Amino acid sequence: MNNLIEFFKKAFHIIILAVLLILSIVMLGTSLSFNEYRLARFVQSIVGPIQKNGADMIHRFKLGPENESLVQQNIALMRKLDNMYLSKYDTTYSEALDSLHINQTRMFDIKHAHIIFRTTDRSFNYMIIDKGADEGINRDMAVLSPKGVAGVVTDVSKNFATVRPILHPESRISAVVLPAKQNGTVIWGENDPRVAYLEDIPQHSEINIGDSVFTNGYSNIFPANLLIGTVKEVQIGSNASFLTIKINLATQYSDIYTVYLIENIYKSEIDTLKANFKND
Amino acid sequence: MINIISNVLRFLILIIIQIAVCQQINLFGYITPSIYLLALLLLPLELPLSVQYIIGFISGLLVDAFAHTLGVCSFAATLMMFARPYIANFLNGSSENNYEAIDRPIPGVKDFRWIFFYTLALVSFYEISSTLLETMTFKNFGHTFLVILGNTIFTVFVILCTEYIFHPIVKNES
């Protein structure tokens, strides 16, 4: 008996070693087979929340590259929108022609840029973006924020460009209010970066609070169907024939960083026609 | 008492670093340093062997839980703790288990050659067993061997750097 106790005392650490090694092998075996996944699931339920916090924290450092890839994906999707094309013939064969990409002529092309400077609290606001003539930015390109219309490029240098937002007294965007389908013009009335005015809407039209205001595509700068804002207030103005409509701008100028620039490919052609018309 | 506290603190800090930082490193796609082995290498050799095994097992299990490799690191770390006294004895040139408190891979206590071979032998032992257990196959052994080699070199490098940062060599003026 004493011998046995002596043996256990001597071999105790060997027994522990064997037990631990066998335990490891058993754990490995259970985590490999899907039938006995319970242990792995139990461990995961303990470490999962910790790992999620860690992953969230690490993810924050990778937001920049992820945003860039999302911007690229957005551009690819926006290029496919109907309002980026010159014409879509509504014919009997339109589906077949669509599949062959025959009747689609691209009218608008999209680029993206980042805002490096902006003002929103002055009476003449402007923004500066980090792309210029070298990256193919031209005057009169439309500027979109992720939420809606932001402004128009007014000046271009080699590497930078100036954008005139809606928050500028000279800014005028022709717009349509839906569902009333009345065309008007969006101007910036008050010195408030959240609010603009919609003018030239006849008094008889039915405008409700919350109606959406879109670009109508009559200018050769903005494509049609881009959101400008929603109706906030409707008043019968001093001028008896038109309504005074306040709209909430969709773009929140205080926190936009990435903007999309829309170029009209045929702008010079249309401008030439316009100039000829004036000369005549 | 201070010895116990410092050992426990070192153990916790290194495990946290291993889980939070080293597991996220994927150098060239497959090299991951195992810095928590330093806590095991620095354990006093005069501890009871069973306690050493249990500490190795628990530390491996903690790392396993976060790496989704249940059993791999715990097996390898326990095996490494088993091999540790033999390696230390071999490097000391003695065959008996008469350790002194001084037998620790700390610069200033032991010379660089002792520390280097002690670390290299145990880390390579750990990496070989853990990598083979994880792959469970000898197919494509070239790649497995590369993983073992890369992991061992990188881990030894990191462990030696850490040791020499926290125990700088004091030069004798005499």
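Things worth noting here:
- Residue in the stretch B:40-60 that is touching a helix residue (DSSP H, G or I) at 6+ places or on another chain (Cβ under 6 Å), in contact (Cβ under 8 Å) with a residue 24 or more places away in the chain, within 13 Å of chain A (Cβ to nearest Cβ) and over 30 Å from B:Thr137 (Cβ atoms) present: yes
- Some residue of the stretch A:162-178 being farther than 30 Å from A:Asp134 by Cβ and part of a loop (DSSP other than H, G, I, E, B): yes
- Selected residue [closer than 21 Å to A:Ile75 by Cα and either touching a residue at least 60 places away in the same chain (Cβ under 8 Å) or in contact with a strand residue (DSSP E or B) (Cβ under 7 Å, 6 or more places away or on another chain) (or both)] from A:Tyr218, A:Tyr253, A:Tyr197: A:Tyr253
- Apart from one condition, A:Ile16 fits all of (1) loosely packed, with under 13 Cβ neighbours inside 10 Å; (2) within 27 Å of B:Ala76 (Cβ to Cβ); (3) at pLDDT 75 or above; the exception is (1).
- Residues within the stretch A:41-58 that are more than 32 Å from the chain's Cα centre (by Cα) and basic (Lys, Arg), tallied: 1
- Among the residues of this structure, B:Gln18 counts as one that is under 17 Å from the mean Cα position of the chain (by Cα), at pLDDT 85 or above and under 22 Å from A:Gly48 (Cα atoms).
- Condition check for A:Ala18: within 11 Å of chain B (Cβ to nearest Cβ) and out of contact with any helix residue (DSSP H, G or I) (no Cβ under 6 Å at 6 or more places or on another chain): yes
- In the stretch B:63-78, the residues that are more than 7 Å from chain A (Cβ to nearest Cβ) and either outside any helix (DSSP H, G or I) or surrounded by 21 or more Cβ atoms within 10 Å (Cβ to Cβ) (or both): B:Val63, B:Asp64, B:His68, B:Thr69, B:Cys73, B:Ala76, B:Ala77
The values are calculated or read from the model by the stated rules, or taken from the named source; none is laboratory data. Quick caveat: nothing in here was measured; it's all calculated off a predicted structure. So basically every Cβ, Gly included, is an ideal-geometry build from the backbone, and we count neighbours across all protein chains shown.
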